[in-house]
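*Asks:* What follows is a structure written as structure tokens; I'll ask about it next.
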Amino acid sequence: PSCSLLLWLCRTGLGWPPAQAVVLEALREYYPEGQGFLVRNLEVSVEQYGRAMGLRSAFWILLGAAGFFVPLETAFNQLWGAPKHRVYWRNQAIGFLLTTACCFLGLLFVFGTAGVQAAIAAVVPVEFLARGLRYLALRGVGLAFAVTAIFLFYRFLPNCPVRSADVFPSALLAGIVTEGARSLYLLVLPQLELQKTQGPYYISISFVLLAYFLSFVLLGGAFLAADRARAPTVNHPDLGDLSPGERP
């Protein structure tokens, strides 16, 4: 649904073809299976129902995605030693804000990649070299997007005070490992033969499996960040025995 929203914004709201091309290119690069089927049906859906999409549709898309943060906060609170969980409505409010922030990051990813690719096309005359640089731009900006989103999760989702200095190194590491794990998964995916075992659902199952494996990377980075926050500091060694929620 968020991809539909982005494509609608780039095609109908902004009318900028390079940005629309980046959205489709990112789907072909990052979605694990059935990219042609996904892109084709996504374009048809936006073409048919794009006029009916507005703020109300965007609100329900963002609200639905915010449910992801309910179990994630529980895990982060356990890792950071938070004294208690947020009440449901506060969790949903934080999740909605984080989802909205990620959508804005997605727009920055699209605009930034489109701008860099346009600059490369204008400066580099050799098509083969320009194609390689455009691909590197897509992956580089995508890595920056992943690191920033993970940093926001680590920084604001736990229900206790968290320092940016404690979570940024882990967010950077988790973003890099996420890219590596995704590439490894794409290499192993054909050997799983999901189309034989999952039938018409193999496209969705391939994405769910990818999200399942990447969730371990996300939680592993959170564990490192929480462990770093609990470590004694040079200036305040007495803080080492306190949980992050008990630190001043």
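The values are calculated or read from the model by the stated rules, or taken from the named source; none is laboratory data. Since this is a predicted model, take the numbers as computed values, not measurements. Quick reminder, even Gly has a Cβ in these numbers, built from the backbone with ideal geometry, and neighbours come from all protein chains shown. Only protein heavy atoms, including side chains, enter the accessible area calculation; ligands, DNA and RNA are left aside. Shrake-Rupley method; radii C 1.70, N 1.55, O 1.52, S 1.80 Å.
*Asks:* Hey, what number do you get for the chain at 222 nm if only DSSP H runs of n ≥ 4 count, each worth -39500 (n - 2.57), divided across all residues, to the nearest 500?
*Replies:* So the helix-based figure for the chain works out to -26000 deg cm²/dmol.
*Asks:* List the DSSP H helices in the chain whose Cα atoms stretch 30 Å or more along the helix axis and whose mean Kyte-Doolittle hydropathy is at least -0.5.
*Replies:* Taking the DSSP H segments of the chain (at least 30 Å long, mean hydropathy at least -0.5), we get 88-123, 127-156, 164-192, 202-230.
*Asks:* Based on the alpha-carbon set only, what is the convex hull volume of the range 142-207 divided per residue, in Å³?
*Replies:* 103 Å³
*Asks:* With N set to the number of residues, divide the alpha-carbon radius of gyration of the range 15-112 by 2.2 N^0.38 Å and report two decimals.
*Replies:* 1.35
*Asks:* Report the Rg/Rh value for the range 177-236, based on alpha-carbon coordinates and the Kirkwood definition of Rh.
*Replies:* Checking Rg against Rh, the ratio lands at 1.26.
*Asks:* Based on the Cβ-Cβ distance of Val188 and Arg90, what FRET efficiency does E = 1/(1 + (r/R0)^6) give at R0 = 41 Å, to the nearest 0.05?
*Replies:* That gives a FRET efficiency of 0.55.
*Asks:* For the chain, which whole percent of the accessible surface, found with a 1.4 angstrom probe, sits on carbon and sulfur atoms?
*Replies:* Carbon plus sulfur share of accessible area: 68 percent.
*Asks:* Let me ask you something else. Treating only the Cβ atoms of Lys and Arg (+1) and Asp and Glu (-1) as charged, compute the dipole magnitude of the range 1-158 about its Cα centre; round to the nearest 20 debye.
*Replies:* That gives a dipole near 380 debye.
*Asks:* Let me ask something additional. Using alpha-carbon pairs under 8 Å, 6+ residues apart, how would you state the relative contact order of the chain in percent?
*Replies:* Computed value for the chain: 22 percent relative contact order.
*Asks:* A follow-up question, please. Suppose we look only past 32 Å in the calculated P(r) of the chain. What percent of the Cα-Cα pairs does that tail hold?
*Replies:* Of all Cα-Cα pairs in the chain, 30 percent lie more than 32 Å apart.
*Asks:* Compare the Cα positions of Gly81, Ala19, Pro161 along the charge dipole of the chain (+1 at Cβ of Lys, Arg; -1 at Cβ of Asp, Glu; about the Cα centre) and return the one farthest towards the positive end.
*Replies:* Result: Ala19.
*Asks:* Here is a follow-up. Any chance you could check the Cα centroid distance between the range 78-122 and the range 194-235 for me, in angstrom?
*Replies:* If you average the Cα positions of each part, the centres end up 17 Å apart.
*Asks:* Radius of gyration and Dmax for the range 75-144's Cα atoms, expressed in Å?
*Replies:* Rg and Dmax of the range 75-144, Cα atoms, are 19.4, 59 Å.
*Asks:* Sticking with this structure for a sec: Which order do the peptides 66-72, 96-102, 184-190 take when ranked by the mean count of other beta-carbon atoms within 10 Å per residue, highest first?
*Replies:* Peptide ranking by packing, descending: 96-102, 66-72, 184-190.
*Asks:* Now, a different point. Which residues' amide hydrogens lie under 5 Å from the amide hydrogen of Gly67, considering only partners 5 or more residues apart or on another chain, with H built in the peptide plane?
*Replies:* The list, which skips near neighbours in sequence, is empty: none.
*Asks:* A further question follows. Which trypsin sites (Lys or Arg not before Pro) from the range 151-185 combine a DSSP loop assignment with at most 13 other Cβ atoms within 10 Å?
*Replies:* Sites meeting the loop and neighbour criteria: Arg163.
*Asks:* Here's another thing I want to ask about it. For the range 6-115, which trypsin sites (Lys or Arg not before Pro) pass both filters: DSSP loop (anything but H, G, I, E, B) and at most 13 other C-beta atoms within 10 Å?
*Replies:* Answer by residue number: Lys84.
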